[in-house]
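What follows is one structure encoded as structure tokens, with my remarks underneath.
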Amino acid sequence: MKYTDVVSNVNVYGMESAVMGSKYPMAVDLTKVDGTIVPRTHALANAKPGSGHDNFLNGIIVQFDLTFTNKAWVEAERYHFLDFISSQSTMHRITKFNLDEVYISYTDPRIIEIMKEKVNSYNELTQKISDKKLAGEDVTELNEEAKVKYLEILYSNPAGFRITARMTTN
């Protein structure tokens, strides 16, 4: 797996102005301060966390797409150095994904086949519901059956399912 399969579409904002601001404490003439990275910049960036010497890093915003498995997302959400902008949704779109492409190689192929069967069954049922609605027929029971099938899909989905989120951090 390449790192670009995990992290992509990276944008860095505020780097030059943050570096410039990091030079203010030692500057007398602010017109001579620029955003060039110098050895002091590296020293400040590597200062002991909480010392305040690395505060200029707060001005650097990094946004990127992060593709993780369900398992990795559960772990990542525990930490507070990442904020979600938005993400793909299994809750809303799980029956629309290409299941041959979304699972990592460690996912048991038998489970993937079960998921495909469940998704195909659900999609066939929703088509049947749509057809019956057009014909003016009552679909109340079929809607209940579809809800159950959808929940079975959501709760059967293995931890190797990959989704992408747009993230921001500093």
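The values are calculated or read from the model by the stated rules, or taken from the named source; none is laboratory data. Please read all numbers here as calculations on a predicted model, not as lab measurements. With ideal geometry, Cβ positions are generated from the backbone for all residues, glycine too; neighbour counts draw on all protein chains shown.
How many residues are in contact (Cβ under 8 Å) with a residue 12 or more places away in the chain, within 18 Å of HIS92 (Cβ to Cβ) and not hydroxyl-bearing (Ser, Thr, Tyr) when one looks only at segment 117-170?
So the answer is 17.
Of the residues that make up segment 21-34, is at least one over 30 Å from ASN157 (Cα atoms), touching a Gly at 6+ places or on another chain (Cβ under 8 Å) and touching a residue at least 24 places away in the same chain (Cβ under 8 Å)?
Scanning segment 21-34 turns up at least one residue that is over 30 Å from ASN157 (Cα atoms), touching a Gly at 6+ places or on another chain (Cβ under 8 Å) and touching a residue at least 24 places away in the same chain (Cβ under 8 Å).
Give segment 43-66 a look and list any residue that's part of a loop (DSSP other than H, G, I, E, B) and touching a helix residue (DSSP H, G or I) at 6+ places or on another chain (Cβ under 7 Å), or say none.
Hits for segment 43-66 are HIS53, ASP54, ILE60.
If the requirement is being of a type outside the set (A, V, I, L, M, F, W, C), modelled with pLDDT under 95 and closer than 25 Å to THR164 by Cβ, which of these qualifies: LYS71, LYS48, LYS116?
LYS71
Can you tell me which residue in segment 1-33 is modelled with the lowest pLDDT, limited to those that are in a helix (DSSP H, G or I) and closer than 26 Å to ILE104 by Cα?
Only one residue tops the list, namely TYR3.
Any idea which residue in segment 77-127 is surrounded by the fewest Cβ atoms within 10 Å (Cβ to Cβ), counting only those that are touching a Gly at 6+ places or on another chain (Cβ under 7 Å) and part of a loop (DSSP other than H, G, I, E, B)?
TYR106
Which of the residues spanning segment 61-84 are among the small types (Gly, Ala, Ser) and closer than 21 Å to GLU101 by Cβ?
Correct list: ALA72 only.
Among the residues of segment 80-91, is any among the β-branched types (Val, Ile, Thr) and free of Cβ contacts under 8 Å to residues at least 12 places away in the same chain?
No: segment 80-91 contains no residue that is among the β-branched types (Val, Ile, Thr) and free of Cβ contacts under 8 Å to residues at least 12 places away in the same chain.
For segment 19-35, which residues satisfy the criterion of being of a type in the set (Gly, Ala, Ser) and under 15 Å from ASN55 (Cα atoms)?
Listed by number, the residues that qualify are GLY21, SER22.
Looking at (1) assigned by TED's automatic domain parsing to the domain that holds PHE56; (2) more than 30 Å from ASP54 (Cα to Cα); (3) not charged (D, E, K, R), which is the one condition that is false for ALA165?
The single condition ALA165 does not satisfy is (2).
Being farther than 20 Å from ASN70 by Cα, not hydrophobic (A, V, I, L, M, F, W, C) and not in a helix (DSSP H, G or I) is the filter; apply it to segment 128-170 and report the residue that is modelled with the lowest pLDDT.
The extreme case among them is ASN170.
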